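The block underneath contains the structure these notes are about, expressed in structure tokens.
Every number here is computed from the coordinates shown, using simple stated rules; none is lab data. Bear in mind that the values here come from a model prediction, so they are computed numbers and not experimental data. Reconstructed Cβ throughout: ideal geometry from the backbone, glycine too, with neighbour counts over all protein chains shown.
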Amino acid sequence: MADNRIARGIVLVPCLLLGGAFLATAAWGQGPAADNRWLAVAIGLGLCLAGGLSQLGSEADTQNPSDTPNSDQ
């Protein structure tokens, strides 16, 4: 399956947004939510890490156009 830069971006954005939301909950959680602070930190960091790792892919996106087969021939 080909490496797709758009698909990696679609994975990155929700991971970072949700990870940030969990980290914000951990930072500003009060009352009963404070008991789950470490769980929120773990989920938030895991999501941010997953988003970052989704950007590590093969270098297929940076191929030289002369290396790709020409469909005109």
* Order of 7-15, 47-55, 28-36 by packing, highest average Cβ count within 10 Å first? -> 47-55, 7-15, 28-36
* Asked: What list of ³J(HN,Hα) couplings, whole Hz, do you get for the range 37-42 from phi and the Karplus terms 6.51, -1.76, 1.60, once you set θ to phi - 60° and write x for glycine and proline?
  -> 4, 5, 5, 5, 5, 5
* Once fully extended, how much extra length lies between Val13 and Ala50, figured as 0.36 nm per residue of separation less the alpha-carbon to alpha-carbon distance? -> 12.2 nm
